[in-house]
Amino acid sequence: MSVSLPSLRVDQIKDETLFNEISSLNKSSFTFAIEAATDRLRQVINKNIKETDIMNTIDRASHQGITTLK
């Protein structure tokens, strides 16, 4: 089975449950909505997502075996 989710906001993934459930499937990928390329641009458009939040989420996904991230 393959599952595709819509874009997820990086700052709304608070625990490992979602990663655990998706990574248990045969093939899975995550698409993250980072909203803009830099912290400054995200601040300008009022999206308070820091680069550290993005990198932490990618790291958590990687440790759960998620190999495809967009």
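Figures for the structure shown
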{"item": "ASN56 within 10 Å of the chain's Cα centre (by Cα) and either assigned to a loop (DSSP other than H, G, I, E, B) or at pLDDT 80 or above (or both)", "result": "yes"}
{"item": "In the stretch 48-63, residue nearest to VAL10 (Cα to Cα) [restricted to those that are polar (S, T, N, Q) and open to solvent by less than 80 Å² (accessible area, probe 1.4 Å)]", "result": "THR57"}
{"item": "Residue count for the stretch 25-42, restricted to those that are within 13 Å of the chain's Cα centre (by Cα) and either assigned to a loop (DSSP other than H, G, I, E, B) or at pLDDT 85 or above (or both)", "result": "3"}
{"item": "ILE45 being exposed (fewer than 11 other Cβ atoms within 10 Å of the Cβ), at pLDDT 85 or above and of a type in the set (A, V, I, L, M, F, W, C)", "result": "yes"}
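The values are calculated or read from the model by the stated rules, or taken from the named source; none is laboratory data. It should be emphasised that the depicted structure is a prediction, and the values quoted were computed from it without experimental measurement. In this analysis, Cβ positions are derived from the backbone assuming ideal geometry, glycine residues included, and neighbour counts consider all displayed protein chains. Protein only, heavy atoms only, side chains kept; ligands, DNA and RNA dropped before computing areas. Shrake-Rupley method; radii C 1.70, N 1.55, O 1.52, S 1.80 Å.
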